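Peer 1: Quick one: the structure is below, and I'll ask about it shortly.
The values are calculated or read from the model by the stated rules, or taken from the named source; none is laboratory data. As the structure is a prediction and not an experimental result, all values here were calculated from the model. No Cβ is skipped: glycine too gets one built from the backbone with ideal geometry, and neighbour counts run over all protein chains shown.
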Amino acid sequence: MKIKCKVLTAGCEPVIIEKGDWIDLVLAEDTTLPAPKISRVVTKKDSERLSVDARYKKLECTNYYLPLGVAMKLPEGYEAIILPRSSTFKKHGIILSNSQGIIDNTFCGNSDEWKAAVIPLKDTTINKGTRIVQFKIQLSQKATVWQKLKWLFSSKIEFEYVEDLGGNDRGGFGSTGDK
């Protein structure tokens, strides 16, 4: 199966790992993310024991969209599932805010850059080129019988690097339902 791929940031080509079934994606720019802040209300202060009883009022958490430096056109009837690599939380303290990302084949314009929606749980800096997420291709629920048969007989995934994906831009990550 061939997937059209437009590299938006040099060095961000998808990385096919021979030891696994998933394809790694890398961060397109150096990124520093702050840990979430917790607002608290102090309810009692005991100066003799230096203890404070507090109620936590609100976790001020920000969702960040980390650019992955690629846009792709998946074949009709297929979608991509994006998950963090197993080492991403351990090394960088970030989690995907939606648990997983789903990119369908209509997200195929030249400006439809793939991104990882993350929440940092600690202060972290991640360097450009760091592999932070992985994805796999699967049949969508709208796949036709022909597309399912094609999937059964496809032997591997190949990337065809192009300058123009030939699709319409969807309006960016998180735009579903806006139009």
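Peer 1: Keeping to the stretch 14-28, report how many residues are within 14 Å of the chain's Cα centre (by Cα) and under 17 Å from residue 127 (Cα atoms). Even if it seems obvious, please write down each step before you answer.
Peer 2: Residues of the stretch 14-28 within 14 Å of the chain's Cα centre (by Cα): 14, 22-28.
Within this subset, residues satisfying the condition of being under 17 Å from residue 127 (Cα atoms) are 14, 24-28.
Selection size over the stretch 14-28: 6.
Peer 1: Report the residue count in the stretch 70-104 for those that are in contact (Cβ under 8 Å) with a residue 40 or more places away in the chain, buried (at least 16 other Cβ atoms within 10 Å of the Cβ) and either within 11 Å of the chain's Cα centre (by Cα) or outside any loop (DSSP other than H, G, I, E, B) (or both).
Peer 2: 14
Peer 1: Filter the stretch 140-166 for residues that are buried (at least 16 other Cβ atoms within 10 Å of the Cβ) and of a type in the set (A, V, I, L, M, F, W, C) and give the result.
Peer 2: Within the stretch 140-166, 143, 151, 159, 165 qualify.
Peer 1: Further, regarding this structure: Please go through the stretch 105-132 and pick out each residue that is under 15 Å from residue 12 (Cβ atoms) and either in a strand (DSSP E or B) or free of Cβ contacts under 8 Å to residues at least 12 places away in the same chain (or both).
Peer 2: Across the stretch 105-132, the qualifying residues are 115, 116, 126, 131, 132.
Peer 1: Could you please find all residues in the stretch 49-69 being assigned to a strand (DSSP E or B), more than 16 Å from the chain's Cα centre (by Cα) and either within 14 Å of residue 6 (Cα to Cα) or at pLDDT 65 or above (or both)?
Peer 2: So in the stretch 49-69, the residues assigned to a strand (DSSP E or B) come out as 51-60, 64-67.
Right, trim to more than 16 Å from the chain's Cα centre (by Cα) and you get 51-60.
Within the stretch 49-69, 58, 59, 60 meet the criteria.
Peer 1: So, one more: Could you please find all residues in the stretch 112-140 being closer than 20 Å to residue 2 by Cα and either of a type in the set (S, T, N, Q) or under 17 Å from the mean Cα position of the chain (by Cα) (or both)?
Peer 2: The first filter runs over the stretch 112-140 and keeps only residues closer than 20 Å to residue 2 by Cα, leaving 112-114, 134-140.
Residues satisfying the conditions are 112, 113, 114, 134, 135, 136, 137, 138, 140.
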